[in-house]
Structure formats: C-alpha cells, structure tokens
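Structure first, then comments.
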Amino acid sequence: MTGAADAVAPHELVAYEVPLSDEDEEPVTAPLVLAWTRTLVSGSLPHTDATVMGMPLIPVDTTVLDPADSSPTDRALRVLRTLAWPFVEAPPSPALCGFLFTGQDSMRLYLAGGKADGLIAADVQLTGALTALLAALPSLIGEEERWMTDTSDPHCVHAVDLTAW
C-alpha cells in the first residue's frame, strides 16, 4: 500500500495487488517489486471500483509494467544487506563492520576477518557486476598483494581498491 508519508486513513492510501511470482511461478525479487512500486506511484491512479479495508485496490499486470531504475541508495542497500545478512547458515565472513559513502556511486566497506590484524577497507563501485564482486570479496580482500596503506583513514589497517574490478 502507498500514500503520503503522513497518511493514516484508508481513503488516503492505495493498495496495489502485485504478483510475487513470474509466469514460470518463480519468485520475483524484492528490488523488482520496489521498482514496480516506484513506477506505479509515479503515474496517475487508474480507476477502480475494487476496495480492500477501505482502500482502493489496484490489480497490477507486471507483464506490461516497466520497473523504475534503481537509485544509488537501492544499490548501496543491496550491497550492505548482502554482506550483513547473507542467506547462509554460517555467519558472514568477512564480517561487515561499517561503511562510508565515498561518492554518488561508490562506498568504502570496513570488513573484519582473514589474515589482517584489523579492519580492511574495500572501496567498491555500486554499479557493474555487483553480484560477482560480492561473491569474490572474501578472497579479494585476502590477497595481500592488493593491500595498500591508507594513512588518511584511521579505521583500517589496509585498504583494497576494487572500484575497477
């Protein structure tokens, strides 16, 4: 359901009925649902006579709906969520200890683990092959030949530039 930030009454909100699986019955991803929702709220409301709990109910045909582009915030949150709460049984390794935005499309990740005797800072781009980078991150930050010293950053013992990886 969507509405203004301060909306609380049902008539101030709109409910969208969005399928959570595709034509092959595969689940759709949360970023795709968010992108569809952004597209839906950016246009005018179609007329509907259907309601649910006092809210207009808009059924959504996702086969004809173009998802909105992801924002820099979306991409940053995807990186952080992947590192902080991966879908695995074991705790994440390396452990995400912090982050710092370094530009519109870049961030520095502070990671613990491996051979270093402190945190390793990994500079990453938020676009490009993020899935591959996140999968390779544990081995990339462990490669000592990639380690640099960043005397301007007191929060890490080594820095690794992965912005061009």
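Would you mind estimating how fast the range 64-150 diffuses translationally, via Stokes-Einstein at 20 °C and 1.002 mPa s with the Kirkwood radius over Cα pairs, in µm²/s?
Once the numbers are plugged in, D ends up at 154 µm²/s.
For P(r) over Cα pairs in 5 Å bins from 0, in percent, pick the label among (1) 2, 9, 17, 23, 23, 17, 8, 2, 0; (2) 1, 7, 14, 15, 14, 11, 9, 9, 8, 6, 3, 1, 0; (3) 1, 9, 17, 19, 20, 16, 10, 5, 2, 0, 0 that corresponds to the value derived from the coordinates.
Structure-derived value, by its label: (2).
Probe radius 1.4 Å, ligands and nucleic acids ignored: give me the carbon and sulfur share of the accessible area of the chain as a rounded percent.
Ligands and nucleic acids excluded, carbon and sulfur reach 58 percent.
Could you tell me whether the range 104-154 comes out rounded, prolate or oblate from its Cα gyration tensor? Rule is a ≥ b ≥ c as square roots of the eigenvalues, rounded for a/c under 1.5, then prolate if a/b exceeds b/c, otherwise oblate. Numbers along the way, then the final one.
Details: a/c = 2.17, a/b = 1.29, b/c = 1.68.
It is oblate, given that a/c is not under 1.5 and a/b is not larger than b/c.
Enter the accessible area of residue 77 (Å², nearest 10), with the probe set to 1.4 Å and all protein chains included.
80
Which whole-number percentage describes the relative contact order of the chain, with Cα contacts under 8 Å and a sequence gap of 6 or more? Don't jump to the answer; show the numbers that get you there.
On the way: 227 pairs, mean separation 24.8, N = 165.
About 15 percent, as a whole number.
Considering only 133, 57, 40, give the residue with the highest GNM mean-square fluctuation for the chain, with springs between Cα atoms whenever their separation is below 10 Å.
Its mean-square fluctuation being the largest, the pick is 57.
Give me the percent of Cα-Cα pairs in the range 1-95 that sit more than 23 Å apart, rounded to a whole number.
Summing the P(r) of the range 1-95 above 23 Å gives 41 percent of all pairs.
Got a sec? Charge dipole of the range 37-165, +1 on Cβ for Lys and Arg, -1 for Asp and Glu; which of 121, 37, 51 is way out at the positive end?
51
Determine the order of 108, 146 by accessible area, beginning with the largest, at a probe radius of 1.4 Å. Let's see the in-between values first.
Numbers: 108 20, 146 80 Å².
Ranked from most to least accessible, the order is 146, 108.
Stretched out fully, how many nm does the piece from residue 47 to residue 105 gain, at 0.36 nm a residue minus the Cα gap?
Residue separation times 0.36 nm, minus the Cα-Cα distance, leaves 17.0 nm.
Please list, in order along the range 102-119, the HN-Hα scalar couplings obtained from phi with the Karplus expression 6.51 cos²θ - 1.76 cosθ + 1.60 (θ = phi - 60°), rounded to whole Hz, x for Gly and Pro.
Per-residue couplings from phi come out as 10, x, 4, 10, 8, 8, 10, 9, 9, 10, 10, x, x, 7, 5, 9, x, 6 Hz.
Can you compute 3J(HN,Hα) from phi for each residue in the range 43-49, using the Karplus curve 6.51 cos²θ - 1.76 cosθ + 1.60 with θ = phi - 60°, rounded to whole Hz and x for Gly and Pro?
x, 7, 6, x, 6, 8, 9
Taking 30 Å as R0, compute the FRET efficiency from the Cβ-Cβ separation of residue 161 and residue 71 and round it to 0.05.
Here the calculated transfer efficiency is 0.80.
Ignoring ligands, DNA and RNA, how do 155, 47 rank by accessible area with a 1.4 Å probe, largest first?
Most to least solvent-accessible, the answer reads 47, 155.
So if I place +1 on the C-beta of Lys and Arg and -1 on the C-beta of Asp and Glu, and nothing else carries charge, what would the dipole magnitude of the chain be about its Cα centre? I want it in debye, nearest 20.
Roughly 500 debye, rounded to the nearest 20.
For the chain, build the charge dipole from Cβ charges (+1 Lys, Arg; -1 Asp, Glu) around the Cα centre, then report which of 163, 149, 99 sits farthest towards its positive end.
Result: 149.
Given the DSSP H assignment, sum -39500 (n - 2.57) over each helix run of at least 4 residues in the chain and divide by its residue total; what's the result at 222 nm in deg cm²/dmol, nearest 500?
Values: 3 runs with 39 residues, N = 165.
Calculated at 222 nm, the ellipticity per residue is -7500 deg cm²/dmol.
Tally Lys and Arg at +1 and Asp and Glu at -1 over the other residues with C-beta under 15 Å from the C-beta of residue 67: what net charge comes out? Could the numbers behind the result be given before it?
Values: positive: 38, 75, 78; negative: 22, 61, 66, 69, 74.
Result for the local shell: -2.
When DSSP assigns beta bridges and you keep just the ones with both residues in the range 83-165, what percent turn out antiparallel, to the nearest 5?
Taking every DSSP beta bridge with both residues in the range 83-165, the antiparallel ones total about 80 percent.
The values are calculated or read from the model by the stated rules, or taken from the named source; none is laboratory data. Everything quoted here is computed from the prediction, not taken from an experiment. Because the Cβ atoms are built from the backbone with ideal geometry, glycine has one as well, and the counts that use them run over all protein chains shown. When the accessible area is computed, the model is the full protein with side chains, heavy atoms only, and any ligands, DNA or RNA have been set aside. Shrake-Rupley method; radii C 1.70, N 1.55, O 1.52, S 1.80 Å.
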